[in-house]
Amino acid sequence: MSAQLVIRDGEPHWWASQDIWVVPGDDPAGAPGAPIAGESAYLWARTRNDGDQAVTGARVDWYWSNPATGVLRSNSQLVGSGFVDLAPGEVKEVLCLVPWVPVLVNDGHECVVAEIHHAADPLPNPLPDAFQPPAFHQVAQRNLTVLEVAPKKMMALPVQLGAPQRIGGAVEVFLDLDGELDEETLAGLGLRGFQRAALDPGHVALSWRGGCRADGEIVGEHRLEAKMEPGVSRSVHLHVGALDLPRRTYVPVHIVSRGRDERLAGGITYVLTAAEEA
Amino acid sequence: MAQTPMTIERRPFSVEPFTHMMLPDGIFDTALIKQRITCYYTNVSGQDLKHASIYLEGVGDPGIVPVAETHVFAEIPAGASVRVSWLADFQNATPGKKMVSFIAQADGMDLNRTIERIFVSETKQDANTGEYTCTVEEGTLRISRFEMIGPKSEWRPCDDKDERCRPSQGPWVPAGMTAVWEPNPGYQGVHGELPFADPWWKILAWIVAVVAAIVAIVAAVMGAGTAGIAIGGTFDESTGEVNCCEPAPGAIPGSAFTVAGAASVVAMVAVAVGLADDADPWWRGQEATPPGPGETTLAERVEVSFDYPEGAPTAGKDFPVQVKWTYRRQTDVKAYEHSVEEEQRNLHVSDGVTVDVPAVHHAFAGPLVIRSRFAREGGGFFAGQDLYAFALLRSPDDVYFVVDLADDGIEADEKANDGTYTGSIHLERIYPILLKQGKKLEGLWRVYLFAQDVNDATPDMLPEVAATHIGGFPIASGINVTFDPNLPCPLEAKATVQVVA
């Protein structure tokens, strides 16, 4: 008899977990959607017990951190905790009742991690600095942000590349513009029923430099390389050009970082949608 | 699957775990580090629910840290309200209305999440001046003078010269106080915001009184600096006239807390009674002193004295309190005053308490069942979630055990909501505790009853209407407080049972 407590990773991009979502506003039971900088939001997680032993009082912890391709405990903030009982095979949604207020400095674009703890299926002790969701079924990450684009609006978004303590090396960062998001993930973003739109690859790029050019041109590459010192972070910028997406469509833009051993170190996904008309 | 038809109909309330007493109006206070988040969960369907479990999912303040616990019921009868609670640490809580989410789930049904709000205040005491402050989001109540009629000296455990002397355990009967409400922010117009948009301002004074008493009791029993309390806890004692039994020697520590705590809750209720339920001196003072246009009210002081023409406060009885109070509104322009002298009476009364226990109980044959009824004034009985009640069972050698009383139709309670609150305890299970202490099982056991009413305000009420609904008043108490030292020991057993092996 054993318990296996799971918060699912995203598929194929593990950092885009469909089991974590945000409810903006003052009503924790409201509709999922994108968080708004400076305003309250509530975090949820969908937990399951894939084992054959029931657990009571499992604790779910939620963290937020700056948008980064590799999220570490040392650069994350605990939002709050919740408890859940899970019978074998049971799936339950858990609410974090501590309001989360995304900070203005990131314009609401932040990464959320949820992890479930119970003695019947423990995480390592001590906990590693990196959350490593792919290595632990108890941990998942929602590095997934809705970005409203408009025909006359350009954006440059900073994304943090972080190297864990005592581990450095070459890092490759690249854009992945393929694939679709499943219905569950779209629902968790408040985009239920949205369709995948086409995207001219020339409208997005990565650059070590931020800011938008006055002439509206997108400058940057789809692939960058950097050498990271242990414990050091640096920023890469996602540049998004002026886009005229049809209503109720979306385009996923995955920023993927890969370490020296070719394993995926992490990533962040922006979901581009048409801005709501005023 | 259908959703589990269980919900919480009344605001969850604080129970202080040392004394087992509900705090005034069920409000939590950060001065008491550990409190039990307690509520009644009601099966609102017409069907009995099988194998239902209830747990606390989370609290909307990271400074409140609950201990995970799941309450499991084999069956919850239709319409029954079960009492459940969770221990939580409030040391780092912040004052305000906090959300708490609870999950209920019965066999074959979907879970039902209920989100309720609890009220949290923050009481502190200035170690130098002795001034108490009770802070909520809407403002701060400062109590600079808190005069109490204290215990008679012969009831104190030792005198002041004895270095082993500990602070008194009370009880203290309020004699007067000076309390200043500082609204946050100052306001224009006649009335300011009620604390938590619900109870009268007087409730904060009552909270301070009870919290300070509990703190003093814990310090008296456990020693000053005890973990579990976050403030000092002293009063300006005016006289030493209160007479009340101390727990007998040999009692387990928990019972000392409970007996002393109940005595002080009974005595301190005079603050709430004297300051009236329908409108307190702040509200009435505001109505009588409308400020000029554009004036901002910055502080509102109430100076009050209490007198007891028919003796000390008694739980559940219609006792009078003579009060004199002066309300003073200080605006940014001038001051206004309004004074009142009147008699107020305790409205939270019971027409009597009855207890049913067997005359003789065979300790190992089965659990000892205690059945109690609390009559309402004018007819009928309190029932179901109307009361928070428990019994204190006292062994022949003065060892005490707390027995929860419930009207939920579960186990020993025959029918939910019939007005009979039932509890049971198997003496076989507590026999090892008695053996360890060298105490005897056989002999005459005494039963003391305690009950407090539960606030029945609903979220849709106007604040000034909700404010008139107040909970936490003692309806029954095994402890009687008296000013007359010639009266017999006021620790009043409601029933006795002869226990045989």
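The values are calculated or read from the model by the stated rules, or taken from the named source; none is laboratory data. Bear in mind the structure is a predicted one, so any value in this text is a computation, not a measurement. Neighbour counts run over all protein chains shown; Cβ positions are idealised from the backbone, glycine included.
Within the stretch A:6-25, which residues are part of a strand (DSSP E or B) and either within 14 Å of chain B (Cβ to nearest Cβ) or within 13 Å of the chain's Cα centre (by Cα) (or both)?
Correct list: A:Ala16, A:Ile20, A:Trp21, A:Val22, A:Val23.
Specify which of the listed residues (B:Ala74, B:Ala88, B:Ala80, B:Ala106) is among the small types (Gly, Ala, Ser), within 14 Å of chain A (Cβ to nearest Cβ) and out of contact with any Pro (no Cβ under 6 Å at 6 or more places or on another chain).
Going through B:Ala74, B:Ala88, B:Ala80, B:Ala106 in turn, the sole match is B:Ala106.
Within the stretch A:141-158, identify whether any single residue is at pLDDT 90 or above and within 30 Å of A:Asn49 (Cβ to Cβ), and answer yes or no.
Checked the stretch A:141-158: at least one residue is at pLDDT 90 or above and within 30 Å of A:Asn49 (Cβ to Cβ).
So which residues in the stretch A:116-138 are without any contact (Cβ under 8 Å) to a residue 40 or more places away in the chain and among the charged types (D, E, K, R), if there are any at all?
none
Among the candidates A:Arg8, A:Arg73, A:Arg59, single out the residue that is among the charged types (D, E, K, R) and modelled with pLDDT under 95.
The match here is A:Arg73.
From A:Ser235, A:Ser207, grab the single residue that is surrounded by 13 or more Cβ atoms within 10 Å (Cβ to Cβ) and touching a Gly at 6+ places or on another chain (Cβ under 6 Å).
Details: A:Ser235 fails: touching a Gly at 6+ places or on another chain (Cβ under 6 Å).
Result of the check over A:Ser235, A:Ser207: A:Ser207.
Can you tell me which residues in the stretch B:359-378 are under 29 Å from B:Val349 (Cβ atoms), in contact (Cβ under 8 Å) with a residue 60 or more places away in the chain and of a type in the set (Val, Ile, Thr)?
Residue satisfying the conditions is B:Ile370 alone.
Looking at B:Ala104, is it over 21 Å from B:Gln47 (Cα atoms) and small (Gly, Ala, Ser)? Can you show your working first?
Values: over 21 Å from B:Gln47 (Cα atoms): no; small (Gly, Ala, Ser): yes.
So B:Ala104 fails the test.
Right, B:Ile115: at the interface with chain A (Cβ under 8 Å from one of its Cβ atoms), surrounded by fewer than 22 Cβ atoms within 10 Å (Cβ to Cβ), closer than 18 Å to B:Thr4 by Cβ and at pLDDT 95 or above or not? Can you show your working first?
Working: at the interface with chain A (Cβ under 8 Å from one of its Cβ atoms): yes; surrounded by fewer than 22 Cβ atoms within 10 Å (Cβ to Cβ): yes; closer than 18 Å to B:Thr4 by Cβ: yes; at pLDDT 95 or above: yes.
Against the criterion (at the interface with chain A (Cβ under 8 Å from one of its Cβ atoms), surrounded by fewer than 22 Cβ atoms within 10 Å (Cβ to Cβ), closer than 18 Å to B:Thr4 by Cβ and at pLDDT 95 or above), B:Ile115 qualifies.
Please go through the stretch A:52-92 and pick out each residue that is within 17 Å of B:Pro62 (Cβ to Cβ) and more than 22 Å from the chain's Cα centre (by Cα).
Matches in the stretch A:52-92: A:Phe83 only.
With the condition being in contact (Cβ under 8 Å) with a residue 24 or more places away in the chain and in contact with a helix residue (DSSP H, G or I) (Cβ under 9 Å, 6 or more places away or on another chain), I'd like the strands (runs of 3 or more DSSP E) fully within the stretch A:166-278 carrying at least 1 qualifying residues. It would help to see each step written out before you state the result.
Numbers: elements: A:169-176, A:204-207, A:223-228, A:233-240, A:249-258, A:264-274.
Passing ranges, in order: A:169-176, A:233-240, A:249-258, A:264-274.
Please verify whether B:Ile410 is β-branched (Val, Ile, Thr) and under 25 Å from B:Gly261 (Cα atoms), treating the condition exactly as stated.
Spelling it out, it is not the case that B:Ile410 is β-branched (Val, Ile, Thr) and under 25 Å from B:Gly261 (Cα atoms).
Suppose we filter A:Phe174, A:Phe194 for residues that are closer than 14 Å to A:Tyr250 by Cα, surrounded by 14 or more Cβ atoms within 10 Å (Cβ to Cβ) and not charged (D, E, K, R); which single one remains?
Criteria check complete, one pass: A:Phe194.
Does the stretch A:36-61 hold any residues that are closer than 16 Å to A:Asp26 by Cβ and among the β-branched types (Val, Ile, Thr), and which are they?
Selection gives A:Ile36 alone.
Taking B:Ile475 as meeting all but one of (1) in contact with a Leu (Cβ under 8 Å, 6 or more places away or on another chain); (2) aliphatic (A, V, I, L, M); (3) closer than 30 Å to B:Gly46 by Cβ; (4) not in a strand (DSSP E or B), write down the number of the exception.
(4)
Please give the strands (runs of 3 or more DSSP E) falling wholly within the stretch A:53-164 in which 1 or more residues are within 14 Å of chain B (Cβ to nearest Cβ), touching a strand residue (DSSP E or B) at 6+ places or on another chain (Cβ under 9 Å) and not small (Gly, Ala, Ser).
Because the criterion is at least 1 residues that are within 14 Å of chain B (Cβ to nearest Cβ), touching a strand residue (DSSP E or B) at 6+ places or on another chain (Cβ under 9 Å) and not small (Gly, Ala, Ser), the strands (runs of 3 or more DSSP E) in the stretch A:53-164 that meet it are A:55-65, A:76-86, A:91-100, A:111-117.
Can B:Thr94 be described as within 12 Å of chain A (Cβ to nearest Cβ), among the hydroxyl-bearing types (Ser, Thr, Tyr) and closer than 26 Å to B:Lys202 by Cα? Explain how you work it out, then say what you get.
Details: within 12 Å of chain A (Cβ to nearest Cβ): yes; among the hydroxyl-bearing types (Ser, Thr, Tyr): yes; closer than 26 Å to B:Lys202 by Cα: yes.
The answer is yes for B:Thr94.
What is the one condition in (1) at pLDDT below 85; (2) farther than 27 Å from A:Gln18 by Cβ; (3) buried (at least 18 other Cβ atoms within 10 Å of the Cβ) that A:Gly162 does not satisfy?
(2)
Can you tell me which residue within the stretch B:124-151, out of those that are among the small types (Gly, Ala, Ser) and part of a strand (DSSP E or B), is modelled with the highest pLDDT?
Taking the stretch B:124-151 first, the residues among the small types (Gly, Ala, Ser) are B:127, B:130, B:139, B:144, B:150.
Narrowing the set further to residues that are part of a strand (DSSP E or B) leaves B:139, B:144, B:150.
Details: B:Gly139: 97, B:Ser144: 89, B:Gly150: 69.
Checking each candidate, the answer is B:Gly139.
Criterion first (away from chain A (no Cβ under 13 Å) and either surrounded by fewer than 23 Cβ atoms within 10 Å (Cβ to Cβ) or of a type in the set (Phe, Trp, Tyr) (or both)) does B:Ser121 satisfy it?
no
Checking the structure you have, find out if any residue of the stretch B:70-77 is small (Gly, Ala, Ser) and surrounded by fewer than 17 Cβ atoms within 10 Å (Cβ to Cβ).
Within the stretch B:70-77 (the criterion being small (Gly, Ala, Ser) and surrounded by fewer than 17 Cβ atoms within 10 Å (Cβ to Cβ)), the answer is yes, since at least one residue qualifies.
What do you reckon, is B:Phe390 touching a residue at least 12 places away in the same chain (Cβ under 8 Å) and over 23 Å from B:Leu441 (Cα atoms)?
It is false that B:Phe390 is touching a residue at least 12 places away in the same chain (Cβ under 8 Å) and over 23 Å from B:Leu441 (Cα atoms).
Is it true that B:Glu9 is surrounded by fewer than 20 Cβ atoms within 10 Å (Cβ to Cβ) and either modelled with pLDDT of 95 or more or not in a strand (DSSP E or B) (or both)?
On the way: surrounded by fewer than 20 Cβ atoms within 10 Å (Cβ to Cβ): yes; either modelled with pLDDT of 95 or more or not in a strand (DSSP E or B) (or both): yes.
The answer is yes for B:Glu9.
Could you please find all residues in the stretch B:91-119 being without any contact (Cβ under 8 Å) to a residue 60 or more places away in the chain and hydrophobic (A, V, I, L, M, F, W, C)?
Scanning the stretch B:91-119 gives B:Met99, B:Ile103, B:Ile115.
For A:Thr249, indicate whether it is at pLDDT 90 or above and closer than 19 Å to A:Trp15 by Cβ.
Considered against the rule, which asks whether it is at pLDDT 90 or above and closer than 19 Å to A:Trp15 by Cβ, A:Thr249 comes out as no.
Against the definition (assigned to a strand (DSSP E or B), under 28 Å from the mean Cα position of the chain (by Cα), of a type in the set (D, E, K, R) and surrounded by 21 or more Cβ atoms within 10 Å (Cβ to Cβ)), how does B:Glu342 come out, yes or no? Show your work before the answer.
On the way: assigned to a strand (DSSP E or B): yes; under 28 Å from the mean Cα position of the chain (by Cα): yes; of a type in the set (D, E, K, R): yes; surrounded by 21 or more Cβ atoms within 10 Å (Cβ to Cβ): no.
Considered against the rule, which asks whether it is assigned to a strand (DSSP E or B), under 28 Å from the mean Cα position of the chain (by Cα), of a type in the set (D, E, K, R) and surrounded by 21 or more Cβ atoms within 10 Å (Cβ to Cβ), B:Glu342 comes out as no.
Kindly indicate which of A:Pro35, A:Pro28 is within 14 Å of chain B (Cβ to nearest Cβ) and in a loop (DSSP other than H, G, I, E, B).
A:Pro28
I need a count of the residues in the stretch B:44-71 that are touching a Gly at 6+ places or on another chain (Cβ under 6 Å) and either more than 10 Å from chain A (Cβ to nearest Cβ) or in a strand (DSSP E or B) (or both).
Going through the stretch B:44-71, the residues touching a Gly at 6+ places or on another chain (Cβ under 6 Å) turn out to be B:57-58, B:62, B:68.
Applying the additional criterion that residues be either more than 10 Å from chain A (Cβ to nearest Cβ) or in a strand (DSSP E or B) (or both) yields B:57-58.
The number of residues fulfilling the criteria is 2.
Got at least one residue in the stretch A:45-52 being outside any loop (DSSP other than H, G, I, E, B), more than 16 Å from A:Cys96 (Cβ to Cβ), of a type in the set (A, V, I, L, M) and within 12 Å of another protein chain (Cβ to nearest Cβ)?
no
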